[in-house]
There are 4 protein chains.
Amino acid sequence: MEDVVIRTLEKVELRNPVLIEGLPGVGNVGKLAADYLREQLKAKPLATIYSKFFPPQVYVNEDGIIRLVSNDLHYWKGPPSAPRDILVLGGDYQGISPEGQYEITQRVLDYCHGLGVREVFTLAGFAQGRVVDDPRVLGAATKPELVEAMKKFGVVFSRNDPGGGLIGASGLFLGLGRLFGIEGVCLMGETSGYFVDPRSAQAVLKVLAKILEVEVDFTALEAKAHEIDRIAQKIHEAEARTTEGAPPSGPTPREDLGYIG
Amino acid sequence: MEDVVIRTLEKVELRNPVLIEGLPGVGNVGKLAADYLREQLKAKPLATIYSKFFPPQVYVNEDGIIRLVSNDLHYWKGPPSAPRDILVLGGDYQGISPEGQYEITQRVLDYCHGLGVREVFTLAGFAQGRVVDDPRVLGAATKPELVEAMKKFGVVFSRNDPGGGLIGASGLFLGLGRLFGIEGVCLMGETSGYFVDPRSAQAVLKVLAKILEVEVDFTALEAKAHEIDRIAQKIHEAEARTTEGAPPSGPTPREDLGYIG
Amino acid sequence: MEDVVIRTLEKVELRNPVLIEGLPGVGNVGKLAADYLREQLKAKPLATIYSKFFPPQVYVNEDGIIRLVSNDLHYWKGPPSAPRDILVLGGDYQGISPEGQYEITQRVLDYCHGLGVREVFTLAGFAQGRVVDDPRVLGAATKPELVEAMKKFGVVFSRNDPGGGLIGASGLFLGLGRLFGIEGVCLMGETSGYFVDPRSAQAVLKVLAKILEVEVDFTALEAKAHEIDRIAQKIHEAEARTTEGAPPSGPTPREDLGYIG
Amino acid sequence: MEDVVIRTLEKVELRNPVLIEGLPGVGNVGKLAADYLREQLKAKPLATIYSKFFPPQVYVNEDGIIRLVSNDLHYWKGPPSAPRDILVLGGDYQGISPEGQYEITQRVLDYCHGLGVREVFTLAGFAQGRVVDDPRVLGAATKPELVEAMKKFGVVFSRNDPGGGLIGASGLFLGLGRLFGIEGVCLMGETSGYFVDPRSAQAVLKVLAKILEVEVDFTALEAKAHEIDRIAQKIHEAEARTTEGAPPSGPTPREDLGYIG
């Protein structure tokens, strides 16, 4: 089979489309933000991406129906007042080998370039290794003009972060994008790196919504963040009791913090 | 060499053939069931599948003759009263890398599609992590009509199982099958996951035989199940004695429980 | 680059050539035997095999000259009285991945088939996990006629050995060979599996020389075997002294037993 | 995408160019030497090499601009008095798999051969496992004439070093180079193998500068070596104090010795 198979679900003409990438990763920040944007925009399915560089796995939904793991492109055609149309890339996995990362990214970029994409925003989490109460949004870009433009939206370009660079799809879409003449920005929400972080995703998406000039209702994402806070608090309390010698009063719902976006 | 080499042993015309897949996996349930079906039907060799994604290994039989590891397709032409012909896929291994899994599955599906296959049943074990006395048969399917049809045969579609989806050939034949227009069902026999489980295979095959409208004599499979019970019982007793401080009265035949289907 | 590059060093016409394979493996038995046969026959270089499935490594000889790791084919044109010409395959490594094993074996078989090879003998060690004083030569073959023919040369075909089959080049040259219409035999010298074993290689080569109707002077190989015996004896004595509480009387030359064929 | 992508930045005609390879490796000796030579010669960018055999990673510079990991070729056109032009190959990584090493090396050699390269010098560190005060430069070459020529420049060809051969790009450029008719030498600076070693790089570069008949000002490299000495001394003192029972007087700057060339 082809290394990467892209199935187009609908033929569309897009107006100066911008690509938003958010795949699973640190704190699932990028995926949470991209999925939430897609839902808020009510973006429509455009294409499904299968690859032998994903795990050989199907998911089973509640009705017993299987679905092969994939990445997916959705599109949003804005009103005449919107500056441009939007493509959102999400999915179950990043490529599971370095070669797979390159192959999938290259094919998706090629496909999106064919749809007219000349700019990409990649969304990611930046692990600080400590609890982050008020996550900043860090940036990296393909050219100085974009750095300057992003600073106006509050994006922080730090001398030291990210020190070792970006590993995975969020970096590669920028790095390989340049070979296609696609410029771009990576927006990284600070996060602890220990669990899924809707609050960090919200910080990223707030910045992105301003950049894209779209309106996003954050109610549901805030609820999700509160729920995670509540669970983290319970764990904290249970651990405090354990440390004091008292048995925990029930099963700690740690598994609810798992990476199930 | 080609990644996957399919050698046709006999040219046959098949009538609306259905593909049954049973390769090594959890409890060897799928392989036990598919091999037993093949033997009961006296299905004939149709094609041998070699691949560089299998281990670089040959088996040696009792006469000293080698055989390269492979997967194999057998066919059964039913009597005029039978609703359709049957293809059975079995073998020594699944592909040993994710890419290999995709490549082999895709090639076999392509080949079977060429033979007229439009429906596939994949057989597998579902590890419960505990002894299962009366194994249920769980299901997953490619479309709601198949879910409804399977329920009539006693297949259980559970809200929670399998939670993380299906990994390996049994899932992939369904997931990739849909790209070929092949619909299908995975039948999973509950099993402990600790040893080969003919009883679970029997449960799966009983359901499948009803679906396929073929008669299967389960005597030999039941004997195999009793033998495993007997060995498990011996181990249990030996362990009980060891725990009590008495030395075990002989070598425990634990190796007989090994994954040698 | 091509996955496997075969550089022909000399164009030769061979008379009904038989291929002898002996690459590094258990006890280095196959490599020791094949290399010794090549030296005894004064076989000439025919082709060099490079591959990206070997390690990215060069060796440096005593004069400071590098050599890229490779496999190598040598040929021997027998006198008119000899039943046929001989090709010997040796080298530094087997392919380091399963795919690599398949690719290299397939390419070498294809090349040798083009030279007229229709029969192959693969040489290997069979690890018994205990000291073997008088190594038997075990066999496996592609067809019953060869099993019968080999028994006359004292090759043992055991009901139980090798139980799990053959892994690596010695098995694959037989298994893939059949796809080229090349029949063959694997000759396995029993060995402990703990160090390089010239004695086992000698046992294998004695059988092979009779089969091929060539004369081999075993003096140098016997000397090598005696040296290994002497070193093993020293280690044994040193360990005995250590066990008795006395310090060993000098550095144990265990490293001399290393896999440097 | 292609396995290896070479982007030419400037078309140039070179006069009998020689290739100098220095990629990350033991003590970063090769990379330090090649990078320093490139800076001293003020060599200009000629081509950028991307590959899916590098990690899927981008670096972010101090201004927030990303750069996809790569290897890079720079060229230096010497004055009419210079014997020939020079190409310098450096970069962030070697290929991260054996296959990748072969593929990248083969493609770069092919490209350089097209530019007229017929000779290559590869630069590397040779780990001695102990502190080396006055590093020698060891050599390995593709032909005896080069061994003799190198000895006149003080390069040491040792009967025993490197015993196991050379692994990685520095060996492969010689080994594969011969298949292109490119002869060459590997220059290995002795180093402990425990940290980056500018002093060893200096020893290598001093020899190379004489061979290439170029002038190199070693001031900056010596300063770097002194800094490493100073840090190593501090660690040594801190460890001595710790051994004496006194707490270390501050954070040991061990991380400054990390492999960040």
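The numbers here are math on the coordinates, done by the rules we state, and not lab data. Keep in mind the model is a prediction, meaning the values are calculated, not measured. No Cβ is skipped: glycine too gets one built from the backbone with ideal geometry, and neighbour counts run over all protein chains shown.
What share of the DSSP beta bridges in region B:1-139 is antiparallel, in percent to the nearest 5?
70 percent
What Kirkwood hydrodynamic radius, in Å, does region B:96-160 give when the mean of 1/r is taken over all pairs of distinct Cα atoms and then inverted?
14.5 Å
How much length is gained if the chain between B:Tyr194 and B:Thr8 is pulled fully straight, taking 0.36 nm per residue apart and subtracting their Cα-Cα distance, in nm to one decimal?
Value of the extension gain: 63.3 nm.
Read phi for every residue in region C:23-39 and hand back ³J(HN,Hα) as whole Hz from Karplus 6.51 cos²θ - 1.76 cosθ + 1.60, θ = phi - 60°, with x for Gly and Pro.
10, x, x, 3, x, 6, 4, x, 5, 4, 5, 5, 4, 5, 4, 4, 5
What is the set of long-range amide H partners of A:Ser51 at a cut-off below 5 Å, with H atoms built 1.01 Å from backbone N?
Placed amide hydrogens put A:Val5 under 5 Å from A:Ser51.
What spacing in nm lies between the two simple spin-label points modelled at D:Arg130 and B:Glu145, each 7 Å away from Cα in the Cβ direction?
8.0 nm
For n ≥ 4 DSSP H runs only, could you compute -39500 (n - 2.57) per run for chain C, divide by its residues and tell me the 222 nm figure to the nearest 500?
-11000 deg cm²/dmol
Can you say what percent of the DSSP beta bridges in the protein assembly as shown, counting only those with both residues inside, are antiparallel? Round to 5.
If we restrict to bridges inside the protein assembly as shown, about 60 percent are antiparallel.
Return the average number of partner chain Cβ atoms within 10 angstrom of each residue Cβ along peptide C:127-140.
That works out to 1 on average.
How far apart are the B:Asp217 label points across copies, placing each 7 Å from Cα toward Cβ, in nm, shortest first?
6.8, 6.8, 9.6
If amide hydrogens are placed 1.01 Å from N in the peptide plane, which non-local residues have theirs closer than 5 Å to the one on D:Arg136?
D:Glu190
How big is the C-alpha Rg of region C:85-238 next to the rule-of-thumb value 2.2 N^0.38 Å, as a ratio?
Cα-based Rg divided by the globular estimate yields 1.10.
Rank the residues B:Arg159, C:Arg136, B:Arg15 as a footprinting-exposure proxy: fewest other Cβ atoms within 10 Å of their Cβ go first.
By the 10 Å Cβ count, ascending: B:Arg159, B:Arg15, C:Arg136.
List the distances, in nm to one decimal, from the label point of B:Asp134 to the label points of the same position in every other copy, shortest first, placing each label point 7 Å from Cα along the Cα-to-Cβ direction.
Result for B:Asp134, in nm, nearest copy first: 6.2, 6.2, 8.8.
Calculate the mean, over all residues of peptide B:168-175, of how many other protein chain Cβ atoms lie within 10 angstrom of the residue's Cβ.
Neighbouring Cβ atoms belonging to other protein chains average 5 per residue here.
Fully extended, how many nm does the chain gain between A:Ser81 and A:Phe153 (0.36 nm per residue separation, minus their Cα-Cα distance)?
Taking 0.36 nm per residue and subtracting the Cα distance, the gain is 23.9 nm.
Relative contact order (percent) for chain A, with alpha-carbon contacts under 8 angstrom and 6 or more residues of separation?
The value is 22 percent.
Under 16 Å from the Cα of D:Lys152, which lysines turn up, not counting those fewer than eight places away in the same chain?
Of all the lysines, those that pass the test against D:Lys152 - Cα under 16 Å, at least 8 places apart if same chain - are D:Lys143, D:Lys206, D:Lys210.
Counting Lys and Arg as +1 and Asp and Glu as -1, what is the net charge of the other residues whose Cβ lies under 11 Å from the Cβ of B:Ile66?
+1
What ³J(HN,Hα) values, in whole Hz, does the Karplus curve 6.51 cos²θ - 1.76 cosθ + 1.60 give for region C:101-106 when θ = phi - 60°, with x put for Gly and Pro?
In residue order, the calculated couplings are 4, 5, 5, 5, 4, 4 Hz.
Largest first, please: the extent of the C-alpha atoms of region A:5-108 along each principal axis, to the nearest Å.
The Cα atoms of region A:5-108 stretch 43, 35, 30 Å along the principal axes, largest first.
Can you pull the three principal axis extents for the Cα set of region A:77-125, in Å, largest first?
On the principal axes, region A:77-125 reaches 42, 26, 15 Å in Cα extent.
By the scheme Lys and Arg +1, Asp and Glu -1, what is the net charge of all other residues having a beta-carbon under 10 Å from that of A:Ala124?
Neighbourhood net charge equals 0.
When the Kirkwood radius is taken over all Cα pairs of chain C, what Stokes-Einstein diffusion coefficient follows at 37 °C and 0.692 mPa s, in µm²/s?
Here the translational diffusion coefficient equals 171 µm²/s.
How big is the protein assembly as shown in terms of Cα radius of gyration and Dmax, in angstroms?
32.9, 94
List, in order, the whole-Hz ³J(HN,Hα) value for each residue of region B:202-219 obtained from phi through the Karplus relation with A = 6.51, B = -1.76, C = 1.60 and θ = phi - 60°; use x for Gly and Pro.
Karplus values, whole Hz, x for Gly and Pro: 5, 4, 5, 5, 4, 4, 4, 4, 5, 4, 7, 6, 10, 9, 10, 8, 8, 3.
Rounded to the nearest 5, what is the percent of antiparallel bridges among the DSSP beta bridges in region D:61-202?
Counting only bridges with both partners in region D:61-202, antiparallel ones make up about 50 percent.
Please list, in chain and number order, the residues 5+ apart from D:Gly91 or on another chain whose amide H is under 5 Å from its amide H, with Hs placed from the backbone.
Residues meeting the criterion, in which the H sits 1.01 Å from N, are D:Asp72.
Output the peptides A:48-59, C:39-50 sorted from most to least packed, where packing is the average of other Cβ atoms within 10 Å over each peptide's residues.
Highest to lowest by the protection proxy: A:48-59, C:39-50.
Averaged over C:91-100, how many beta carbons belonging to a partner chain fall within 10 Å of each residue's beta carbon?
4
Distances longer than 17 Å among the Cα atoms of region B:41-81: what percent of all pairs is that?
I get 50 percent for the Cα pairs in region B:41-81 exceeding 17 Å.
Return the Cα extents of region D:135-196 along principal axes one, two and three, sorted largest first, each rounded to a whole Å.
35, 26, 20 Å, listed from the longest principal axis down.
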